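The values are calculated or read from the model by the stated rules, or taken from the named source; none is laboratory data. These figures come from a predicted structure and were not determined experimentally. Here the Cβ is made from the backbone with ideal geometry for all residues, glycine too, and neighbour counts use every protein chain on show.
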Amino acid sequence: MRITVGDPDAYRATVFFNGAPIAMCTMADEERGEVIVYATDRAGHILISEATGDALAETAHGSVSVFIAQCHADDGFDAWMRERTEAAHLAMMKHARRGGIPYN
């Protein structure tokens, strides 16, 4: 599997390089065993090219695994959460209309 920053599933992907999760990965290719990551300094800040103003990137080769978290849109959780949120909101509004409880 190959995934890049612009892919729809990229925000749900976790990339492992040589068994460890990596951050700031812009491209991962399991078949080629290649990752491209932003170059960072010791503090973790992305390095910027003084000549072009672009972020610097590094390419590394090794064991690459890409895991994409499954979306729970089909399991009914969103509908359940919406129902609970609306019920809580209605209860709060009913309470507020009655004047609430004075906190002295």
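Which pairs have Cβ atoms under 7 Å, sit 6 or more apart or on different chains, and link a residue in the range 32-52 that is in contact (Cβ under 8 Å) with a residue 12 or more places away in the chain to one that is of a type in the set (D, E, K, R) and part of a strand (DSSP E or B)?
Every condition considered, the pairs that remain are 37/58; 39/58.
Just wondering, is there one or more residues in the range 55-68 that are β-branched (Val, Ile, Thr), within 17 Å of residue 9 (Cβ to Cβ) and modelled with pLDDT under 90?
yes
Over 22 Å from the mean Cα position of the chain (by Cα) and of a type outside the set (Phe, Trp, Tyr) - does that describe any residue in the range 10-27?
No, the range 10-27 contains no residue that is over 22 Å from the mean Cα position of the chain (by Cα) and of a type outside the set (Phe, Trp, Tyr).
Taking the range 1-35 as the region of interest, how many residues are among the aromatic types (Phe, Trp, Tyr) and touching a Ser or Thr at 6+ places or on another chain (Cβ under 8 Å)?
Of the residues in the range 1-35, 2 are among the aromatic types (Phe, Trp, Tyr) and touching a Ser or Thr at 6+ places or on another chain (Cβ under 8 Å).
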